[in-house]
Amino acid sequence: MPPATMKQWVIQDKEHDLDGLIYKDAEVPEVGENEVLVKLQAASLNYRDLIIPKGQYPFPINLPVVPGSDGAGEVVEVGSKVVEFKKGDQVATLFNQGHQYGEIDTHAATTGLGGAIDGTLREYAVYNEQGLVKAPRNLTALEASTLTCAALTSWNALYGLKPVKSGQVVLVQGTGGVSMFGLQFAKAAGATVIATTSSSEKADKLKQLGADHVINYKADHNWGDAVRKLTPEGAGVDHIIEVGGSGTLRQSFKCVKFEGVISVIGFIGGVDPKTQPTVLETLTHICTVRGVYVGSKAQMRDMVRAIEANDIHPVVDDKIFSLHQAREAYDYMWAQKHFGKLTIKIT
């Protein structure tokens, strides 16, 4: 039997920046007939988790809320009508709880964990069985906790619109979670991967992970031209995982192939209307620019099968935090000290 109380983090408001994060006691939630109680073993952080308490997140939030979309753990109790899971199953959370399959709609976009719905920075959580997937059998709980947002977003970018094919070229930017998963999924598909980074140390790590070419964007501000030169016959890149913002998007347009896809996922480099390319550049470069908002449960299941079949292991930062150190983890990630996914061990 689970205990009566547990520890959890709560975002009380968005007026006090990260000081709005409070660590407190709470009752362990009870299970409804279609719900599953999960003893959370691990969680991981995303850039989104940092900007929600700062009031910078553009999608619906419902405060106060338990932060964190990403989590993995063990099923300890199931409701009377649950059919997909049983006690003892290892599971991971689905980011948008209402996005089951197909295209995302307005309702599903308001069901994000850690923003609109209580998330994973706590010891126990109850979710509808539709909001969980079975974790890959080849991963630890810490590794599985990284899949919810970054991994599924990368999977959707590479497979959601025009599936990546063997022999194509994929560009990933930086060494954050989305880009690292993009590199791994692209290599598993037989694609050539070009990566950008800001340091020789990170470049070495990218090559160890399988990147075919690495470009230092600080040494070459017009790296888009350099990327194009690395593609067969200088035709350009088939898939670009775009995480930087206005400045990197301009370079992405320089190197995208005709009929290529630029998947816009983040803006960690900032948004500047003066340098931001206009929508007409999609015509100039004959390409598709697509905003990606994570993915569906059906896509997550496909991704889990691919992770098992290819024995893919997420890139996890060497530094692991405990649940009570979550605020320190936020600061560590905000300072961009991490490489790959930053994880929190809960139990």
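The values are calculated or read from the model by the stated rules, or taken from the named source; none is laboratory data. Everything quoted here is computed from the prediction, not taken from an experiment. In this analysis, Cβ positions are derived from the backbone assuming ideal geometry, glycine residues included, and neighbour counts consider all displayed protein chains.
Among the residues of region 53-76, is there at least one that is surrounded by 13 or more Cβ atoms within 10 Å (Cβ to Cβ), more than 16 Å from Pro29 (Cα to Cα), of a type in the set (Val, Ile, Thr) and touching a helix residue (DSSP H, G or I) at 6+ places or on another chain (Cβ under 9 Å)?
No: zero hits.
Being among the β-branched types (Val, Ile, Thr) and without any contact (Cβ under 8 Å) to a residue 40 or more places away in the chain is the filter here, so list the residues in region 167-194 that pass it.
Residues satisfying the conditions are Thr192, Val193.
Hey, could you check region 153-194 for residues that are out of contact with any Ser or Thr (no Cβ under 9 Å at 6 or more places or on another chain) and of a type outside the set (Val, Ile, Thr) and say which is surrounded by the most Cβ atoms within 10 Å (Cβ to Cβ)?
Ranking the qualifying residues of region 153-194, first place goes to Gly176.
Looking at region 235-245 only, could you name the residues that are touching a residue at least 24 places away in the same chain (Cβ under 8 Å) and touching a strand residue (DSSP E or B) at 6+ places or on another chain (Cβ under 7 Å)?
Scanning region 235-245 gives Gly236, Val237, Asp238, His239, Ile240, Ile241, Glu242, Val243, Gly244.
Which members of region 1-15 meet the condition of being surrounded by 15 or more Cβ atoms within 10 Å (Cβ to Cβ) and not in a strand (DSSP E or B)?
Answer for region 1-15, where residues must be surrounded by 15 or more Cβ atoms within 10 Å (Cβ to Cβ) and not in a strand (DSSP E or B): Pro2, Gln12, Lys14.
Here's a check for you: in region 54-111, which residue that is of a type in the set (Lys, Arg) and modelled with pLDDT of 95 or more is farthest from Ile22 (Cα to Cα)?
Lys81
Out of Thr110, Thr93, report the one residue that is among the hydroxyl-bearing types (Ser, Thr, Tyr) and surrounded by 18 or more Cβ atoms within 10 Å (Cβ to Cβ).
Thr93
On the given criteria, is Tyr101 of a type in the set (Ser, Thr, Tyr) and surrounded by 16 or more Cβ atoms within 10 Å (Cβ to Cβ)?
Answer is no for this residue.
What helices (runs of 4 or more DSSP H) completely inside region 195-278 contain at least 3 residues that are crowded, with 21+ Cβ neighbours inside 10 Å? So that I can check it myself, show each step before the final result.
Working: elements: 200-208, 223-229, 246-255.
Qualifying helices (runs of 4 or more DSSP H): 223-229, 246-255.
How about region 72-89: which of its residues are more than 21 Å from Met300 (Cβ to Cβ) and in a strand (DSSP E or B)?
Val76, Glu77
Can you go through Glu30, Glu103 and tell me which one is in a loop (DSSP other than H, G, I, E, B), over 21 Å from Ala144 (Cβ atoms) and in contact (Cβ under 8 Å) with a residue 12 or more places away in the chain?
Numbers: Glu103 fails: in contact (Cβ under 8 Å) with a residue 12 or more places away in the chain.
Every option except Glu30 fails the conditions.
Which residues, taken from region 195-229, are touching a residue at least 24 places away in the same chain (Cβ under 8 Å) and in contact with a Lys or Arg (Cβ under 7 Å, 6 or more places away or on another chain)?
Once the filter is applied, which keeps residues that are touching a residue at least 24 places away in the same chain (Cβ under 8 Å) and in contact with a Lys or Arg (Cβ under 7 Å, 6 or more places away or on another chain), region 195-229 yields Ser198, Gly210, Gly224, Asp225, Arg228.
Looking at this structure, is Ala306 surrounded by 20 or more Cβ atoms within 10 Å (Cβ to Cβ), in contact (Cβ under 8 Å) with a residue 60 or more places away in the chain and not assigned by TED's automatic domain parsing to the domain that holds Gln184?
No, not satisfied.
Which condition does Pro232 not pass, out of (1) touching a residue at least 40 places away in the same chain (Cβ under 8 Å); (2) under 18 Å from Leu183 (Cα atoms), if it passes all the others?
If we test Pro232 against (1) touching a residue at least 40 places away in the same chain (Cβ under 8 Å); (2) under 18 Å from Leu183 (Cα atoms), just (2) comes out false.
Given the conditions (1) modelled with pLDDT of 95 or more; (2) touching a helix residue (DSSP H, G or I) at 6+ places or on another chain (Cβ under 9 Å); (3) surrounded by 14 or more Cβ atoms within 10 Å (Cβ to Cβ), report the number of the one that Leu323 does not fulfil.
With respect to (1) modelled with pLDDT of 95 or more; (2) touching a helix residue (DSSP H, G or I) at 6+ places or on another chain (Cβ under 9 Å); (3) surrounded by 14 or more Cβ atoms within 10 Å (Cβ to Cβ), Leu323 is out only on (2).
Of all residues in region 65-110, how many are of a type in the set (S, T, N, Q) and within 25 Å of Leu139 (Cβ to Cβ)?
Summing the residues that are of a type in the set (S, T, N, Q) and within 25 Å of Leu139 (Cβ to Cβ) in region 65-110 gives 6.
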